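Laboratory data are not the source of any read-out in this text; all were calculated from the coordinates shown. Computed from a predicted structure; not experimentally measured. All Cβ positions, even for glycine, are placed from backbone atoms using ideal geometry, and neighbour counts span all protein chains on display.
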Amino acid sequence: MAYLEVEGVSKSYGPIKALRDVSFSVNRGEYLCILGPTGAGKTTLLKVIAGLIKPDKGRILIDEEDVTFLPPELRAAAYMPQGYALFPHMRVWENIAYGTLIRGLPLERVWASIKMVGLAHKAYSYPHELSGGQQQRVALARVVSSGSKILLLDEPLSALDLLLNIELRYELHRYAKSMGLTVLHVTHNSEEALSIADRVLILRKGKVQQIGRPDEVYAKPRNLFVARFLGEITVVEGVVRASIDNRSVVEAKGLGRLVVNGSVNKGSHVVIAYRPEDLVLLSSPSEPYNVFRGKVIDVEFEGLRVRIHVMLSKGLESVIDQWFVHEIPFKKGETVYVYLPPEKALIFEYPREGISQALALE
Amino acid sequence: MLRLRNSRVQEKLIAWSGLVVLLIFVFFPSFYLFSFVIRLWPSVYIEVFAHPILGDVYWKEMLRYLSLSLRLSLVTVVIDLLLGVPLAYLLVKRRFEFEGFLEDLTMLPLVIPTSGFGFATMLAWTASYSLPTLFGIRIGLDTVVPVIKIPLLMLIVHVALTFPYVVKTVSGALRDLKASYEVISSSLGAHPLTTFRKVTLPLILPSMFSGAVLALARSLGETGATMIVAGVSTTAPIAIVRWEFENKVAPAAFLGALLVALSLIIIVPTEYLLTPGKKGRRLLPKGLEARLIRLERSTPRSFALLRDTASLAFLMVIVVLPMLMLIYNSALYWASDPYTGRREGSILYQLFGPPRYWDVIMRALTTSLITATLSTLLSVYISILALFLIMRYNIGRFIRVLLKIPLVIPTSALGLSMILLWGPKGLHILNPGLWLIVLTHVVFSVPVIVETSVASYMEANLPIYEDTARSLGATFYDVMETITLPMIKRGIVAGSLLAFTHSLGETGATFIVMGDHTTIAPLIVNMVESLAIPSAIFSSLILIVLSFIMLAIMRKIVG
């Protein structure tokens, strides 16, 4: 049974529609990441659930109780902004005890949660004396001891550098799971979302684009935007010429004939996208079809892999990832052949607003 | 469900009571003169414009006083800018010892009792052993600056009392300015002067302007110190005090309303114009630009040294010198009059001899301390309520702008307004005296405290903490008590100290509303007028030492 339900929530600020008919549900103990570019309405959504903003339309249900019109303090949902907003004028234990005291809960749970996050030796320190990881644990303990079951995290790790981000996000996930919290974690970092979420919700311009397991949304993005937001893609547009037996032939703009798996109506205008790891670089045209000649225009060495930019035809650039094994396989300026495997193609209907608009982040 | 009702009711209750107390204690008194003039317009009209015997003599006088006030404040602001901006630069950009002390000195005129300071300035410039006489120049109360026809001493006092506004806003802007802009400019090859003109100046221009506006309004309304150095000339605020004492309420109220309106016209539009939008600046014509840059390039780097020295000299002459002269004079007058050698003219004799000024001064000081404490406490409560209104509601921004007005209302107009509203001639709730002084001081104390509290509210990024606390189970009132107030405590304390000091030294308004409960600042004016110079010296010294102590405490607390 869904623990938190959001039903048809809309919210506008004057002419700006921050949320449009947003609906989804979250199970008890689930870790949901809400992913989207800046201005997608992520923070507004979180604040509506917390009760800090009233929606124009729609309902919020927590544990089957309608809380849409309850003030924030009466919902069991704790809101934590970036950096967790530990109260700077209170010691660690006072921070953790805050919700407990305010709500009049038994104080034993304060010490229990301090011990749970392993901060008994820091109980009398002030937040600014703690490391980033310790601050995060204080924030978690504060939520647990306040009796809240839902944790609403608003870009908690965005201010951190990459390594610390990776370290802290796993810890965050681990503690949240062990505490049995239901977490909604807002971020614009797709890697962060994909790596720790049970499910990911992608939001754009106030609308839910897709919700599902990380591997699911990555492998089967519902639209071009989702595909692009979760990782780099090579985009080819074209018109379907024939479709037989779950195979389609597409007349691709700038390339010519392209075979892809999947049946699409003949004559429809489509966009084909490939992930970098799905394209294959060849030194000679050794596949029977879907091979195109191009020129290497850039090579990015990223350690584990090498990302190669190939210009296929005028204005059509493709991005291909290769594992790095001892040496960089291709050099800038070299002529290469790119193979587009039919079974890896992501096929989308041509977006009404045009490709660049469909991919635009804002 | 009871708690739900509580939380909503709490919020509404606080916001509404905030609005109500602001209206009653701050805004009604500030704007009452308008309604007074409009209500009694027929009789005001007859008194001012069509007096059966005098005709429009009052109106003609008013125009003359207003003209002097306007000329005075405009020239003052120009000098403030010329001297204040370099000084702000010195305070922010140079690192040296006694930096804090220097900053205190700069801010001193803001907290200093104006009558005491006016008296000290008069001593410093007109006494027979003063600085100008060193150069063989004699300056008196009647010395007038040629062309603009402004009494020189008045100009000096006004500059001294208003330049801190420019220094304060400009140095604030300079501090906020990312140092990287200037570093980048000079690493791209710009001379410091070019950097200042092309990078720094455009960025601090809004603050310079708002500092200038504050200075202008303050100068327009300055009463206490002006009264002491005025001699025979009369500015508009002084005319109000005089007419009020001569019981000519109609012309006093009319002139007061004019002054308030003038301040309004100056303050409100600039507050709204200055905040939003950044316009691009057009380049000067190419040839001129190149020539300017060449000129700036040829300026030796030691220019900065010259600028700093000049700024320091200015500060010394206009702020420090009067203080030193005051101390020197109290030593001089301690046991006997330095000119006649008569014991009757000494501080000791006047204080403890038959005149018994000691008792008078102590009584006035006690009254001052009591009124300052009461008005500050009352203002703190009002300010906290107002703060929530300002931060949480849409009308907050408007209220914040309106709250600038009591800061610049001519103090004598404020005093008149208070007496007409609460006093025997109005609602008849209070007679002139201690409580009316308290209420008067509340009017200008609330904006001071609100301003510092709002500043620390913004600085501490409080909304995110408040939201977090709410979602952890705190009601509106819980948040206020456990999060908001503790986190902005320093802002409130700093504002209160400022308000307290301001209240201690307020002269213009207090003069009108104090009745028999003389406070120390007006007492000095009375002493000067009755030529009890030794006692005036002594009282001024006490007041200035007190405000120095307050400033030190403030620095200690706010850091």
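Stick to the Cα atoms of segment B:503-559, pair each with every other, and give me the Kirkwood hydrodynamic radius in Å at one decimal. Evaluated over segment B:503-559, this radius sits at 12.4 Å. A Stokes-Einstein calculation at 20 °C with viscosity 1.002 mPa s, built on the Kirkwood radius of segment A:2-227 over Cα pairs, returns a diffusion coefficient of 120 µm²/s. Candidate cross-link partners of A:K314 among the lysines, defined by an alpha-carbon separation under 27 Å and a same-chain spacing of 8 or more, comprise A:K253, A:K266, A:K295, A:K331, A:K332, A:K344. Cross-link pairs exceeding 22 Å in C-alpha to C-alpha distance, out of B:K93/B:K168; A:K42/B:K489; A:K57/A:K207, comprise A:K42/B:K489. With a simple spin-label model that places each label point 7 Å from the Cα along the Cα-to-Cβ direction, the separation between B:Q10 and A:E327 comes to 7.2 nm.
Between the listed residues B:Y328, B:G341, B:A313, the Cα displaced farthest toward the positive end of the dipole of segment B:269-412, a dipole computed from Cβ unit charges relative to the Cα centre, is found at B:A313. The charge dipole of segment A:2-227, taken about its Cα centre with unit charges on the Cβ atoms of Lys, Arg (+1), Asp and Glu (-1) only, comes to about 300 debye.
Of B:L201, B:F96, B:S73, which is farthest towards the positive pole of chain B's charge dipole, taken about the Cα centre with +1 and -1 on the beta-carbons of Lys, Arg and Asp, Glu respectively? Ranked along the dipole, the leading option is B:L201.
Based on the reciprocal of the average 1/r between different C-alpha atoms, the Kirkwood radius for segment A:47-138 equals 14.8 Å. Under 5 Å from the amide H of A:R257 lie the amide H atoms of A:A252, each residue being 5 or more positions distant or on a separate chain, with H modelled from the backbone and absent for Pro and chain starts.
Of all complete DSSP H helices in chain B, those with a Cα span along the helix axis of 30 Å or greater and a mean Kyte-Doolittle hydropathy of 0.5 or more are B:57-93, B:152-176, B:249-274, B:357-392, B:434-459, B:533-558. The chymotrypsin sites (Phe, Trp or Tyr not before Pro) of segment A:246-335 meeting both criteria, a DSSP state outside H, G, I, E and B (loop) and at most 16 other C-beta atoms within 10 angstrom of the site's C-beta, are A:Y289, A:F324. Selection among A:P221, A:L119, A:Y175 by position relative to the dipole of segment A:2-227 gives A:P221 as farthest towards the positive end (Cβ unit charges, Cα centre). Among the trypsin sites (Lys or Arg not before Pro) in segment B:1-105, those located in a DSSP loop and surrounded by at most 15 other Cβ atoms within 10 Å of their own Cβ are B:R94, B:R95. Mind jotting down the distance between the C-alpha centroids of segment B:429-494 and segment A:147-215, whole Å? Here the two parts' Cα centres lie 37 Å apart.
The mean sequence distance of close C-alpha pairs (under 8 Å, at least 6 residues apart), as a share of the length of segment A:2-227, puts its relative contact order at 27 percent.
Which of the aspartates and glutamates could a cross-linker bridge to B:K60, judged by Cα under 14 Å and excluding same-chain residues fewer than eight apart? Result set, ordered by chain and number: B:E47.
For segment A:232-359, the Cβ-based charge dipole about the Cα centre amounts to some 420 debye (Lys, Arg positive; Asp, Glu negative; other atoms uncharged). Could you compute the net charge surrounding B:M554? Neighbours are other residues with a C-beta less than 15 Å from the C-beta of B:M554; K and R count +1, D and E count -1. In short, +2. Convex hull volume of the C-alpha atoms in the protein assembly as shown, normalised per residue: 252 Å³. Rounded to two decimals, the Cα-based Rg/Rh of segment A:232-359, with Kirkwood Rh, is 0.98. Per residue of A:80-92, other chain Cβ atoms within 10 Å of the residue Cβ number 4 on average.
For chain B, the Cβ-based charge dipole about the Cα centre amounts to some 1700 debye (Lys, Arg positive; Asp, Glu negative; other atoms uncharged). Compared with the dominant Cα axis of chain A, that is its longest principal axis, helix A:162-179 is turned about 60°.
Over chain B, the hull volume per residue, using the convex hull of the C-alpha atoms, is 193 Å³.
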